[in-house]
Amino acid sequence: MVRTLVRLIRIPAIAPENGGDGEARKAEELMRVLEEGGFDKIERHDAKDDRVPSGIRPNIVAYRYGKDSRSILWIVTHMDVVPPGDISLWTEAKPFDPVVKGGRVYGRGSEDNGQSLVASIFAIKALSELGLKPERTVALAFVADEEQGSRYGIRYLIEEGLFRKDDLVVVPDGGNGKGDFIEVAEKSALWLRIRTHGKQVHASMPGRGLNAHRVGMRYALALDRLLHDRYSKRDEAFEPPESTFEPTKKEGNVDAINIIPGEDVIYFDCRVLPEYSLDDVLSDARGLAEEVGREYGAEIDVEVVIRSDAPEPTSADSEVVSILKEAIKRCRGIEPKVGGIGGGTCAAYFRRVGIPAVVWSTIDEVAHQPNEYAKIENLVEDAKVFSLLALS
Ligand SMILES: [Zn+2]
């Protein structure tokens, strides 16, 4: 399992939006892993995307037939990874040159989502080697584009009609260190790009221009405060219990210190409790943009990069929740909790079309961080839970 994880981490699979060339090479390697045995059928469902050299965003589905094929148990993981970020912070390993030490595998994409991807493969391989037939057909879906909105990944597969209403879906792309949290609900997600237009001039004569950077910062801090004040309710079923509004990415502006920036671009990542409407958040952000813009004589545009309104939660009484609970209990002797998180996984798209989906895995939550790692123990123990799930 460790060797397979290392093999896959070595191949970057970064979205074109983040300067990468997609998942095609990683998918080829994954096909080789799957063809080594354990599966009855392997399918490709590639989505076209002219922005990447291969022209495709790959999606792979590997089936292991069960005694009953009326409903399918799906385990959905994603191949794509986020960029490494500041390389100098990677002190344990280079992002795509994984290192195994202290019971961990370090590298970008190790925890998110390599650990679960590899665990799901070996869960099925183990059953095959033991000659055990799953109760119902199990399908492992390895998808593209999860980190950038899933248009070429799970949403593409859903549109292709691959899933049925009585299928059971597990998305092991979130969780906690004990593996005792099953996510059935999520927050709405809203990513905003905020573009401030000023006028570029020499820094010694700021009065002749309009410093977009200053206006952008004022706006960002005002928006930060406004959203936190106005959307401050807590719901203890969620982790964390409050809505979150974070200024994140900042685009580069001028190349020299003595230039007043004429344009400023920043981004906000908002995760909002389902009781609030994203329309309200958006109109507050735009209203404030007008207000701050007027004050400084600048134009501030608020654009939506990604919007995902929280779907109906998966019922805590649904079959997928109960068989997963049972499998975790039998493997670990613990009683899992059922609740909501910040969201942004593939599960939301299933819930939107009325297919029950849960998010679960055992992770230290180091995704998207420098020195990201997967614990080998979690890799193995989660595979056991997946095996039991297939036999449920
Ligand atoms: Zn992920």
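A few notes on this one:
- Subset of segment 164-173 that is assigned to a loop (DSSP other than H, G, I, E, B) and under 20 Å from the mean Cα position of the chain (by Cα) - its residue that is farthest from the ligand (Cβ to nearest atom): 172
- Looking only at residues of segment 190-205 that are open to solvent by 10 Å² or more (accessible area, probe 1.4 Å) and touching a helix residue (DSSP H, G or I) at 6+ places or on another chain (Cβ under 9 Å), we find that the one that is nearest to the ligand (Cβ to nearest atom) is 195.
- Only a single item in (1) under 18 Å from residue 41 (Cβ atoms); (2) surrounded by 24 or more Cβ atoms within 10 Å (Cβ to Cβ) is not met by residue 115, and it is number (1).
- Restricting attention to segment 337-383 and to residues that are within 15 Å of the ligand (Cβ to nearest atom), of a type in the set (D, E, K, R) and open to solvent by 10 Å² or more (accessible area, probe 1.4 Å), the residue that is farthest from the chain's Cα centre (by Cα) turns out to be 364.
- Looking across segment 74-96, the residues that are surrounded by 15 or more Cβ atoms within 10 Å (Cβ to Cβ) and among the β-branched types (Val, Ile, Thr) come down to 75, 76, 77, 81, 82.
- Residue count, segment 303-336 (criterion: assigned to a strand (DSSP E or B), surrounded by 15 or more Cβ atoms within 10 Å (Cβ to Cβ) and more than 16 Å from the ligand (Cβ to nearest atom)): 2
- Within segment 88-123, the set of residues being within 21 Å of the chain's Cα centre (by Cα), part of a helix (DSSP H, G or I) and away from the ligand (no atom under 16 Å from the Cβ) comprises just one member, 121.
- Residue 258, sole failed condition from (1) farther than 24 Å from residue 201 by Cα; (2) touching a residue at least 12 places away in the same chain (Cβ under 8 Å); (3) open to solvent by 20 Å² or more (accessible area, probe 1.4 Å): (1)
- Here residue 126 fulfils each of the conditions (1) without any contact (Cβ under 8 Å) to a residue 24 or more places away in the chain; (2) open to solvent by less than 50 Å² (accessible area, probe 1.4 Å); (3) closer than 21 Å to residue 362 by Cα apart from (1).
- Residue match in segment 143-157 (condition: aromatic (Phe, Trp, Tyr) and open to solvent by 50 Å² or more (accessible area, probe 1.4 Å)): yes
- Candidate set from segment 174-189 (those that are outside any strand (DSSP E or B) and modelled with pLDDT under 95); member that is nearest to the ligand (Cβ to nearest atom): 174
- Hey, residue 51 charged (D, E, K, R), out of contact with any helix residue (DSSP H, G or I) (no Cβ under 8 Å at 6 or more places or on another chain) and open to solvent by 50 Å² or more (accessible area, probe 1.4 Å) or not: no
- Selection of first residues in segment 139-155 that are over 28 Å from residue 38 (Cα atoms) and in a helix (DSSP H, G or I) and of second residues that are within 11 Å of the ligand (Cβ to nearest atom) and open to solvent by 10 Å² or more (accessible area, probe 1.4 Å), restricted to Cβ pairs under 8 Å at least 6 apart or on distinct chains, gives the following pairs, ordered by first then second residue: 147/82.
- Tally of residues being modelled with pLDDT of 95 or more and surrounded by fewer than 18 Cβ atoms within 10 Å (Cβ to Cβ) across segment 214-235: 14
- Those residues of segment 57-73 which are within 23 Å of residue 321 (Cβ to Cβ) and either surrounded by 24 or more Cβ atoms within 10 Å (Cβ to Cβ) or within 16 Å of the ligand (Cβ to nearest atom) (or both), in sequence order: 73
- Residue within segment 5-21 that is open to solvent by 50 Å² or more (accessible area, probe 1.4 Å), under 27 Å from residue 134 (Cβ atoms) and either in contact with a helix residue (DSSP H, G or I) (Cβ under 8 Å, 6 or more places away or on another chain) or modelled with pLDDT of 95 or more (or both) present: yes
- Residue tally, condition within 20 Å of the chain's Cα centre (by Cα) and not in a helix (DSSP H, G or I), over segment 1-44: 11
- Within segment 364-380, the set of residues being touching a helix residue (DSSP H, G or I) at 6+ places or on another chain (Cβ under 7 Å) and over 25 Å from residue 88 (Cβ atoms) comprises 376, 378, 379.
The values are calculated or read from the model by the stated rules, or taken from the named source; none is laboratory data. These figures come from a predicted structure and were not determined experimentally. All Cβ positions, glycine included, derive from the backbone under ideal geometry; neighbour counts span all protein chains shown. SASA here: full protein model, heavy atoms, side chains in, ligands and nucleic acids out. Shrake-Rupley method; radii C 1.70, N 1.55, O 1.52, S 1.80 Å.
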